[in-house]
Amino acid sequence: MTDNKKIGIKGEKFTVKFLKRNKYRIILRNYSDYNGEIDIIAYNRKYIVFVEVKTRSEESLLSPRFSVDSKKQQRIMNCANHFMKKYKTDLQPRFDIAEVLYNNDGKMKIEYLENAFPK
């Protein structure tokens with residue numbers, strides 16, 4: 001497993017802890033179909049949330065959110081649509097991005113962006 005993959009997994013685990021602390025329940029991690037993959041699917045009382053996690057070093061020049069371009073957003077939305085057809089829910093869908101930044105000591109912090117995809 002590459003270092004980037006290991007760091008990505010740590011970022012996803014960190015995001016799961018963040019979501020649980022904020023009263024979300026985790027449905028699935030790494031859901032995939034022919035459209036692509038969704039890192040985390042969670043819900044609260046109002047929303048079913050499809051979360052894209054981007055983990056980067058604090059020294060990165062660009063904010064991680066900028067790596068979720070319109071093509072990536074469309075793949076995630078298509079995958080979410082497939083999920084919602086398969087598993088019916090009355091909850092409103094929402095697409096979020098979790099930016100996880102780590103420093104040289106391996107400490108992580110999160111910037112969580114709700115409703116991160118344009119309508």
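In square angstrom, rounded to the nearest 10, how much accessible surface does Ser70 have for a 1.4 Å probe?
Counting only protein heavy atoms, the figure is 90 Å².
Give the carbon-plus-sulfur fraction of the accessible surface of the chain in %, rounded to a whole number; probe 1.4 Å, heavy atoms of protein chains only.
On the way: 3770 of 7840 Å².
For the chain, the apolar C and S fraction of the accessible surface comes to 48 percent.
By how many nm would the segment from Arg25 to Asn115 grow when fully extended, if each residue of separation counts as 0.36 nm and the alpha-carbon distance is taken off? Present the calculation step by step, with values, prior to reporting the outcome.
Working: separation 90, 0.36 × 90 = 32.40 nm, distance 1.77 nm.
Here the segment from Arg25 to Asn115 would lengthen by 30.6 nm.
Just list whichever of Lys23/Lys85; Lys10/Lys109; Lys6/Lys107 have alpha carbons separated by over 19 Å in the model shown.
Working: Lys23/Lys85 25 Å; Lys10/Lys109 12 Å; Lys6/Lys107 14 Å.
Over 19 Å apart, Cα to Cα: Lys23/Lys85.
Suppose every K and R has +1 on its Cβ and every D and E has -1 on its Cβ; what is the size of the dipole of the chain about the Cα centre, in Debye to the nearest 20?
Numbers: 25 positive and 15 negative charges, 110 e Å.
Result for the chain is approximately 520 debye, rounded to the nearest 20.
Sort Tyr102, Tyr34 from largest to smallest accessible area, using a 1.4 Å probe on the heavy atoms of the protein chains. Write down the numbers at each step before the final one.
Numbers: Tyr102 55, Tyr34 180 Å².
Ranked list, largest accessible area first: Tyr34, Tyr102.
Report for the chain the percent antiparallel among DSSP-assigned beta bridges with both residues inside it, nearest 5.
Of those bridges, close to 60 percent are antiparallel.
Using the crude model of +1 on Lys and Arg Cβ and -1 on Asp and Glu Cβ, and no other charge, please compute the dipole size for the range 42-82 relative to its Cα centre, in debye to 20.
The dipole magnitude comes to about 240 debye.
With a 1.4 Å probe and every protein chain left in place, work out the accessible area per residue of the range 28-119 in Å², rounded to a whole number.
Values: 5700 Å² over 92 residues.
Ligands and nucleic acids excluded, the result is 62 Å² per residue.
By how many nm would the segment from His82 to Asp69 lengthen if fully extended, with 0.36 nm per residue of separation less the alpha-carbon distance?
Working: separation 13, 0.36 × 13 = 4.68 nm, distance 2.02 nm.
Taking His82 through Asp69 to full extension adds about 2.7 nm, to one decimal.
With the alpha-carbon atoms as the only input, what is the per residue convex hull volume for the chain in Å³? Provide the component values of the computation, followed by the final result.
Numbers: hull volume 12.8 nm³, N = 119.
It comes to 108 Å³ per residue, whole-number rounded.
Using protein chains only and a probe of 1.4 angstrom, how many square angstrom of Arg94 are accessible, to the nearest 10?
My reading of the accessible area for Arg94 is about 10 Å².
The values are calculated or read from the model by the stated rules, or taken from the named source; none is laboratory data. All of these numbers come straight from a predicted model, not from anything done at the bench. Virtual Cβ from ideal backbone geometry, glycine too; neighbours counted across all protein chains shown. Side chains are part of the model used for accessible areas, which takes the heavy atoms of the whole protein and leaves out ligands, DNA and RNA. Shrake-Rupley method; radii C 1.70, N 1.55, O 1.52, S 1.80 Å.
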